[in-house]
Structures are given as structure tokens and as C-alpha cells.
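Engineer: Encoded as C-alpha cells, here's the structure I'll be asking about.
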Amino acid sequence: MHCITTVCFSVLINGSPAGFFKAQRGLRQSDPLSPFLFILAMEGLNGMVKKAKHIGWINGFEMERRDNSSMEITHLQYADDTLIFCDANMDQLKYLRVILVLFECLSGMHIYWRKSSLYPIDDVNAMEFLASILGGEVGSLPFVYLGMPLVAKSNSNEIWNGVIEKCEKKLSRWKSQYLSLGGRVILINSVLDDLPSYMMSLFPIPTSVIKRLDNIRSSFLWQGNKEKKGFIW
């Protein structure tokens, strides 16, 4: 707390600091201490959800392991995203609401309820009513989490539409610049080749998507910013 409450800031005017002032709203953004404190706070939420599962307030889902044993997963956390699994039950959602409200009070962190979503699996009755307990919106599967489409068919071409759109958006900005052939090669190797790599770590890439990406890269390489179609070697 001494590191947090005694820190001072200064503004550079013409290259030199002009006085100091203390923070009144906690740590500044990108402060190296902020992620550490955030992890400590989220560890508190982790303990609260584990305790709720232990006393039977919420139930997760069973997942089989390779050794034929099973484990129950109630939540997953990554950075500032949290996935919580429970039954479509009014009592469990009320307990979950109490846990999250207590977490807000204890940590001082605010949960953006309107950005939170509930995703039903299979058919769930009175989903709108259950969503009103937490205050979030009702989403639909599949949805994108950490850049990956969840509950999507691995052999579907539609999950690659986002990668193709990103490549086309990159090209729309690059084509407005006068780039040499070497510059276009560098951009293709360093950017366009890396965009599908993240998706390929989980999903096999279809042949049709490979041909589409090859056409995008080859046309940009040989045509550049020309309006007329160039000859592709």
C-alpha cells in the first residue's frame, strides 16, 4: 500500500518535468504493478467460486481425462475474461450474483454487467428470466473467445471468414501506400502469413481457405497498388 499511496506523477513541458502531483484514482494504466494487483484480486474471485462449488451452491460440468478419471470445471480465467459454468437454475444464478456483488465490494473492481453474456447450451426454458438475475444479455453459440470460435465445427469454412476479412482489411490500407516489391514481400511474410497461424493451432485449415489466402497474397505481391490487374508470375 505504501507503493500505491505515495506515488507521484509529473508532466513533461518542453522536455522538463513541471511539478509533481499524487494519484487519486489508483494506479495509472500500464503501471507494472497493476497486473500483479489484478492477479491477486482475481485469485480472490477464484477462491470464492471454488468455495461455492464445494458447499454445493453451483455445479460445473464433468470432463473426462485421458486416464478415464473425471474432473468438474466451474470456471476458467484468462486475463480480465472469466467463464463461469453452472446449471440453468434460478438458485444457482442467484448465488452467482451474490458472489460477484461481494467480489465487487471487496476488491473495488466494477463488473460491467451489460458486457456480460449468458450462453445457453441446448434448449433452456425461461432464458430471458434467468439472464435478468445476473443482468447480462443472452448470447448464442458459437461465439468468439480469445480469438477462437467456441463450439464451432472444426471443418467449417465459416470460422475462417474472420481471418480472410482481417487480411483484406490489411491490404486495403497497404494498397494506399507506394511499396516496393521487397516491402510487399516483408509485409506478406511478417503479417499475412501469421494471421491464420493462431487459428491453425486449433482448427485444420480447409483447402479452399488456403487457395483464397494464396490469391490474396499473390495479387497484392504482383499487383501492389495498381488499379489494373497485373500479371502474376
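The values are calculated or read from the model by the stated rules, or taken from the named source; none is laboratory data. Everything numeric here is computed off the predicted structure, so don't read it as measured data. Note that each Cβ is placed from the backbone with ideal geometry, even for glycine, and that neighbours are counted across all protein chains shown. Protein only, heavy atoms only, side chains kept; ligands, DNA and RNA dropped before computing areas. Shrake-Rupley method; radii C 1.70, N 1.55, O 1.52, S 1.80 Å.
Engineer: Given the chain, what percent of its DSSP beta bridges are antiparallel, to the nearest 5?
Structural biologist: Here the antiparallel bridges make up roughly 90 percent for the chain.
Engineer: Hey, any idea what Rg/Rh is for the chain, computing Rh the Kirkwood way over Cα pairs?
Structural biologist: 1.09
Engineer: For the stretch 1-149, what is the charge dipole size about the Cα centre, in debye to the nearest 20, if Lys and Arg each add +1 at the Cβ and Asp and Glu each add -1 at the Cβ?
Structural biologist: 720 debye
Engineer: With a cut-off of 8 Å between alpha carbons and a minimum separation of six or more residues, what is the relative contact order of the chain in percent?
Structural biologist: Normalised by residue count, the contact order of the chain is 10 percent.
Engineer: Calculate, for the chain, the solvent-accessible area per residue in square angstrom, rolling a 1.4 angstrom probe over the heavy atoms of the protein chains.
Structural biologist: That works out to 72 Å² for each residue.
Engineer: What is the distance, in nm, between label points placed 7 Å from the Cα along the Cα-to-Cβ direction at Thr82 and at Asp123?
Structural biologist: 3.3 nm
Engineer: Could you tell me how many degrees, from 0 to 90 and to the nearest 10, lie between the Cα long axis of helix 161-174 and the main elongation axis, the longest principal axis, of the Cα atoms of the chain?
Structural biologist: Here the helix axis deviates by roughly 50 degrees.
Engineer: I would also like to ask the following. Please give the net charge around Ile133, taking every other residue with its beta carbon less than 14 angstrom from that of Ile133, where Lys and Arg add +1 and Asp and Glu add -1.
Structural biologist: Here the count lands on -2.
Engineer: Calculate log10 I(q)/I(0) of the stretch 55-192 for q = 0.11 Å⁻¹, where I(q) comes from the Debye formula with a single equal point scatterer on each Cα and nothing for solvent.
Structural biologist: Results for the stretch 55-192 at q = 0.11 Å⁻¹ read -0.63.
Engineer: If you count only protein heavy atoms and use a 1.4 Å probe, how large is the accessible surface of Arg173, to the nearest 10 Å²?
Structural biologist: It works out to around 130 Å².
Engineer: Considering only Gly139, Gly56, Gly183, give the residue with the highest GNM mean-square fluctuation for the chain, with springs between Cα atoms whenever their separation is below 10 Å.
Structural biologist: Gly183
Engineer: Once you list every other residue whose beta carbon is under 15 Å from the beta carbon of Asp91, what net charge do they have if Lys and Arg are +1 and Asp and Glu are -1?
Structural biologist: Summing Lys/Arg as +1 and Asp/Glu as -1 gives +2.
Engineer: Further question on the same structure: Calculate, in whole percent, how much of the Cα-Cα pair population of the stretch 88-167 lies beyond 20 Å.
Structural biologist: 49 percent
Engineer: Output the 0 to 90 degree angle, nearest 10, between the alpha-carbon long axis of helix 34-54 and the longest principal axis computed from the alpha carbons of the chain.
Structural biologist: Approximately 50 degrees, to the nearest 10.
Engineer: Mean residue ellipticity at 222 nm from the helices of the chain, using -39,500 (n - 2.57) per DSSP H segment of n ≥ 4 over the full residue count, to the nearest 500 deg cm²/dmol? Present the calculation step by step, with values, prior to reporting the outcome.
Structural biologist: On the way: 8 runs with 93 residues, N = 233.
Rounded to the nearest 500, it is -12500 deg cm²/dmol.
Engineer: Roughly how many nanometres apart are two label points built 7 Å out from the Cα toward the Cβ at Arg114 and Phe21?
Structural biologist: 2.9 nm
Engineer: How big is the stretch 1-129 along each principal axis, measuring the range of its Cα positions in Å and listing the largest first?
Structural biologist: So the three principal-axis extents are 63, 39, 26 Å.
Engineer: Over the stretch 121-218, one equal point on each Cα, no solvent: what is log10 I(q)/I(0) by the Debye formula at q = 0.16, 0.19 Å⁻¹?
Structural biologist: Here log10 of I(q) over I(0) equals -0.77, -0.94.
Engineer: Quick one: give the max-minus-min coordinate of the C-alpha atoms of the stretch 55-109 along each principal axis, largest first, in Å.
Structural biologist: Principal axes ranked by extent give 42, 28, 18 Å for the Cα atoms.
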